[in-house]
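Asks: I have a structure I would like to understand better, so I am pasting it below and will then ask my questions one at a time.
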Amino acid sequence: MPALYARWAPSKPAVAPKPSGPASPPPIDSPASTSLPKKSHHTPEKEFRTKSRTKSKKKANKAQSPEDGPLDGDSDIADSTVQTVKKRKRDVQSDKPHNSDDEATPKKHKTILSKFERASKLGEKLREDAKVQRGSGEPDAEEERERLHDLVPLPQPEPVLDVPFEPTYSALPKWLAQPTTIDSATTIPFAKLGVHPTFVTKLEKQGYKTALAVQTALLPMLHPGPQQHLGDMCVSARTGSGKTLAYMLPVVEALKDRVVSSLSAIVVVPTRQLVEQALKVAEELCTGTKVKVGTAVGNVAFQVEQKQLVRVIPRYDKQRAEELQIRATQSAQSGFVNQRGFTIDLAKMPDHHVPEYHSTIDILICTPGRLVEHIKNTPGFLLRDVNWLVIDEADQLLNQEFQGWSTVLMDELHGETPEDFMNARELICKQRQGTEWSVRKPAHRCVTKVVLSATMKKDLTKLGNLRFTRPKLVVIEDEAGDDPLALGEDDAYELPSTLEEFAVPVGNGSEKPLYLLHVLLSQVFADDGSSGPGKTDRRILKNSRSSDGSSSESSEQSSAESSSEDESTESSILGSKNRVLIFAKSNENASRLSHLLSALHPPLKPYLKTLTRSVSSQKSKKLLESLGRGKIKILIASDLASRGLDIADLTHVINYDVPPSLVSYVHRVGRTARAGKKGQAWTLFTKTEAAWFWKQLAKGEVIKRGGKKVKRIKFDYSDVTEGKRETYETALEDLQGAVEGTEA
Ligand SMILES: Nc1ncnc2c1ncn2[C@@H]1O[C@H](COP(=O)(O)OP(=O)(O)OP(=O)(O)O)[C@@H](O)[C@H]1O
């Protein structure tokens, strides 16, 4: 390139002198571009000249090939540059050996490699020798360690033991967690419990000489006196323990001197049969006093009942009459007429008169539904004088919160009297409220609440609705001290100690009516001169297989006995003192079973009746009385009759259908073995019901039997069905015809 254009040409990379060998090093940058000029002290002018000279020399250098050697002048810079290039060249050459070194290098490596191979062979040999010396094919310690290191799991923390949580505290309030317990064997004469002599005499006349345990516990707590409990009470005592008298006696005693009636006590029970029963106990106690007892149940026309409970009297009060007239007109114009209000009655009043309402009764026994209806719709039905509220069978009632009865009742009981029905004092209080002439409100009404059940649950969500004041739980414990409720927070129920329980397997249940008939004829009404339940064991041995399956008697003997039983059934039933209540799972089932039993064994028919919801109150009352007197011997009922019914001398209960719950079982079998009398409960169970029956009901923890067991009685199939199969099939066809005829 001509020198003239050299300055414009792009700078050429400086190239190291070509090596003679074939492997040439990669090109490197020009030393001019990488090396720094040596520092010297110059004036700016000198510096400028030096710089321009250096620049031109650099340019010339660039234009020259490296082989050309350094330029004249400025030889120091040129020298340093050439040295740097050479140094770099050496570096590069040392990284990549030249052909001249190729032969020397493998020799060195070979020596090292051979040394290494010899050393490793020696090590291996030594290891082998060590193995042989140990005399086994086991790996050496190092291998072992390596292997174990792989297999041994990492150290883990100790597993935490799964200890069941047993709280040392109770989630229940103290009054529920620590009940007052009374031994069920405790009996004390009524006179010693502070009962008034007139009532003691009355009770003795009824045959009650001493107070039962629950009465012994409750009477002192409810009577005015040193042991009185100034608060509410929850009572758990088994079936037939005398709870009705325990609450009714203190109420009647408290009101015995009453001359003018005012509603002072309300007793709430779940069914109309129980209303009748409680009414009977109350009336017996009230004889000779002016205390009046009334009922409110769904079977009486509502208007009729309203008149029976509240009496309306016209009272002259011109000013109030005018006021009420104006308000009545306003409410009529607005279209909102309060059913409970005075409006309707005001229209019937003579001029300048207002209606005045008076309660006709002191004690009201009612079902919750009817009570709510009266609270909402009966003018003058006021609870301002109520001092006693009793809720029997409380667990059932509180579970059936229908119409929100407990809330309505509590609001009415603790709330203010509706303005239209306020008495003079309440009116003055209301009118002067907030003024300087305000009158002190009357002291808050003091209502004593008594809540009872044989299957009381420690359920605060339910009991909380009742707005208790200073509540107390009283539990009646059995002789063994096996107190069902006091043991813990779990609910447990106790059966009467005089109750015997039997369970009969009935296969798949297709012949259950035949098994029922067999139990009735061979156990309840057996014609062997033994009418009491105590003789049952002997009959069971005669007529059944024990639980281990061994036959007690030959089938011929059994059939002979059963045919003779058939012939003498009527006379044996007539002569028997036994009465039986049979439970079916529904009203329909009860009716069908009744039909089937009568068809299967006609001699039973005159002594067999059915109690269902469709039976009127009057009729059901008569039926229960007839059963109590022994006029009828067999009553088939649904669970309607399972609670609270007290049938005199009922000796047997048969669960034809297994009860729907443990609570239901406790109440069903509790219809017998009451007040210390003996009784038997029989349950027929199918294959599918067996597991639940034995696990939950017979052997479970919830039902306490005081160490007794449910006896399993397996009847001979031939005994049960012999001579009855044809009749059974005909009876089934009849029943089907009857059902279809009814349905059509
Ligand atoms: N002091 C007494 N002495 C003898 N018998 C009594 C006494 N008190 C009550 N009875 C009788 O005990 C029986 C059962 O009474 P009650 O109906 O009050 O039992 P209960 O505890 O309410 O039973 P349930 O939980 O089944 O309703 C009744 O026949 C009653 O006449």
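Asks: Which of the residues that make up the range 130-181 are in contact with an Asp or Glu (Cβ under 8 Å, 6 or more places away or on another chain), modelled with pLDDT under 80 and closer than 30 Å to R470 by Cβ?
Replies: Of everything in the range 130-181, those that are in contact with an Asp or Glu (Cβ under 8 Å, 6 or more places away or on another chain), modelled with pLDDT under 80 and closer than 30 Å to R470 by Cβ turn out to be S170, A171.
Quick grid of which residues meet (1) open to solvent by less than 10 Å² (accessible area, probe 1.4 Å); (2) over 21 Å from T180 (Cα atoms); (3) aliphatic (A, V, I, L, M):
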| site | (1), (2), (3) |
| --- | --- |
| M233 | yes, no, yes |
| A237 | yes, no, yes |
| G240 | no, no, no |
| A246 | yes, no, yes |
| V252 | yes, yes, yes |
| R258 | no, yes, no |
| S264 | yes, yes, no |
| V267 | yes, yes, yes |
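Asks: Would you check if G723 is under 25 Å from S236 (Cα atoms), among the small types (G, A, S) and surrounded by fewer than 22 Cβ atoms within 10 Å (Cβ to Cβ)?
Replies: For G723, the condition - under 25 Å from S236 (Cα atoms), among the small types (G, A, S) and surrounded by fewer than 22 Cβ atoms within 10 Å (Cβ to Cβ) - is not met.
Asks: I'm trying to understand the selection: among the residues of the range 561-597, which are modelled with pLDDT of 90 or more and surrounded by fewer than 16 Cβ atoms within 10 Å (Cβ to Cβ)?
Replies: Of everything in the range 561-597, those that are modelled with pLDDT of 90 or more and surrounded by fewer than 16 Cβ atoms within 10 Å (Cβ to Cβ) turn out to be S586, E588.
Asks: Being more than 10 Å from the ligand (Cβ to nearest atom), in contact with a helix residue (DSSP H, G or I) (Cβ under 7 Å, 6 or more places away or on another chain) and not in a loop (DSSP other than H, G, I, E, B) is the filter here, so list the residues in the range 205-233 that pass it.
Replies: L218, L219, P220, L222, M233
Asks: Of the residues that make up the range 365-380, is at least one more than 30 Å from A278 (Cβ to Cβ) and open to solvent by less than 30 Å² (accessible area, probe 1.4 Å)?
Replies: no
Asks: For residues in the range 450-465 being closer than 17 Å to R643 by Cβ and open to solvent by 50 Å² or more (accessible area, probe 1.4 Å), which is nearest to the ligand (Cβ to nearest atom)?
Replies: Selected residue: K457.
Asks: Identify all residues within the range 274-307 that are buried (at least 22 other Cβ atoms within 10 Å of the Cβ) and polar (S, T, N, Q); write none if there are none.
Replies: Residue satisfying the conditions is T295 alone.
Asks: Collect the residues in the range 171-204 that are more than 16 Å from the ligand (Cβ to nearest atom) and either acidic (D, E) or in a loop (DSSP other than H, G, I, E, B) (or both), keeping them in residue-number order.
Replies: A171, L172, P173, Q178, P179
Asks: Among the residues of the range 660-687, write down those that are assigned to a loop (DSSP other than H, G, I, E, B) and either among the acidic types (D, E) or away from the ligand (no atom under 15 Å from the Cβ) (or both).
Replies: Listed by number, the residues that qualify are P660, S661, T686.
Asks: Which count do you get for residues in the range 416-441 that are more than 23 Å from V312 (Cβ to Cβ) and small (G, A, S)?
Replies: 2
Asks: So, in the range 662-686, exactly how many residues are under 27 Å from the mean Cα position of the chain (by Cα) and open to solvent by 10 Å² or more (accessible area, probe 1.4 Å)?
Replies: The qualifying residues number 3.
Asks: Could you list, in sequence order, all residues of the range 114-128 that are open to solvent by less than 100 Å² (accessible area, probe 1.4 Å) and hydrophobic (A, V, I, L, M, F, W, C)?
Replies: Hit for the range 114-128 is A119, nothing else.
The values are calculated or read from the model by the stated rules, or taken from the named source; none is laboratory data. Quick caveat, the model's predicted, so the values are computed rather than measured. With ideal geometry, Cβ positions are generated from the backbone for all residues, glycine too; neighbour counts draw on all protein chains shown. Accessible surface areas use protein heavy atoms only, side chains included; no ligands, DNA or RNA. Shrake-Rupley method; radii C 1.70, N 1.55, O 1.52, S 1.80 Å.
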